[in-house]
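A short worksheet on the structure shown next.
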Amino acid sequence: MPVYGFEDGGRWGRMIIADLRNWAAGWIYWNMILDHNGGPWLVSLEHENPEDNPQHAVVIIDTEKKQSVYTGLYYYLAHFSKFVRPGAVRIGSEGGVEGLSFVAFQYANGAKVLEVVNSGKAEAGYAVQDGGRSFRASAPATSITTFLWQ
């Protein structure tokens with residue numbers, strides 16, 4: 001069955017960040033909209049997709065309740081889609097706090113974007129430095145935060 005809540009967003013956020021940090025030029029998720037049973041799904045024995053092969057969706061359409069549910073994946077993708085636009089180039093970013101994943105981008109006009117995912121079960125504090133400037137922030141448990149500056 002599909003995951004209706006926000007709790008698996010951190011997993012998706014980490015996956016997107018890992019791909020982008022490893023030189024992916026974009027990130028596409030195949031299952032945009034599925035029904036409340038996680039279908040329809042592909043049945044392909046050649047590809048080892050069995051008869052019972054429910055998928056995870058960005059948006060779940062509950063046909064019984066006649067409502068749409070936006071999943072954690074939807075909200076995490078929304079951060080990247082809204083703030084990391086065409087023309088953004090991934091720039092180096094380093095450091096680490098347990099449970100946090102991050103990736104940074106810069107535009108030709110000098111504007112910078114930092115995406116921070118906390119997939120941990122506790123709030124995590126951290127510092128961001130860029131040249132001679134710095135700030136401290138904290139990420140709530142199971143969250144994504146976007147910073148923009150120039």
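Out of everything in segment 115-130 that is among the hydrophobic types (A, V, I, L, M, F, W, C) and within 21 Å of Phe6 (Cβ to Cβ), what residue ends up being surrounded by the fewest Cβ atoms within 10 Å (Cβ to Cβ)?
Filtering segment 115-130 for residues among the hydrophobic types (A, V, I, L, M, F, W, C) gives 116-117, 122, 124, 127-128.
The next check asks that each one be within 21 Å of Phe6 (Cβ to Cβ); those that pass are 116-117, 122, 124.
Values: Val116: 24, Val117: 26, Ala122: 11, Ala124: 18.
Going through the qualifying residues, I end up with Ala122.
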Within segment 73-97, residues surrounded by fewer than 13 Cβ atoms within 10 Å (Cβ to Cβ) and either farther than 18 Å from Met15 by Cβ or more than 17 Å from the chain's Cα centre (by Cα) (or both) come out as Lys82, Arg85, Pro86, Gly87, Val89, Gly92, Glu94, Gly95, Gly96
Taking segment 99-113 and the residues there that are in contact (Cβ under 8 Å) with a residue 40 or more places away in the chain and part of a loop (DSSP other than H, G, I, E, B), the one that is nearest to Glu7 (Cα to Cα) would be Gly110
When segment 80-94 is examined, which residues are found to be in a helix (DSSP H, G or I) and in contact with a helix residue (DSSP H, G or I) (Cβ under 8 Å, 6 or more places away or on another chain)?
-> Phe80
Is there a residue in segment 114-128 that is assigned to a loop (DSSP other than H, G, I, E, B), hydrophobic (A, V, I, L, M, F, W, C) and over 17 Å from the mean Cα position of the chain (by Cα)?
-> yes
Would you tally the residues in segment 90-113 being modelled with pLDDT under 95 and β-branched (Val, Ile, Thr)?
-> 1
Take segment 90-125 and flag every residue that is closer than 15 Å to Asn22 by Cβ and out of contact with any Leu (no Cβ under 9 Å at 6 or more places or on another chain).
-> Ile91, Gly92, Glu94, Ser101
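If you check Asp35 against the conditions, is it of a type outside the set (A, V, I, L, M, F, W, C), at pLDDT below 85 and touching a strand residue (DSSP E or B) at 6+ places or on another chain (Cβ under 6 Å)?
The answer is yes for Asp35.
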Where residues in segment 131-150 are outside any loop (DSSP other than H, G, I, E, B) and touching a residue at least 24 places away in the same chain (Cβ under 8 Å), which of them is surrounded by the fewest Cβ atoms within 10 Å (Cβ to Cβ)?
-> Leu148
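The values are calculated or read from the model by the stated rules, or taken from the named source; none is laboratory data. What you see is a predicted model; the values in this text were computed from it and never measured. Neighbour counts are summed over all protein chains in view; Cβ atoms, including those assigned to glycine, are modelled from backbone coordinates with ideal geometry.
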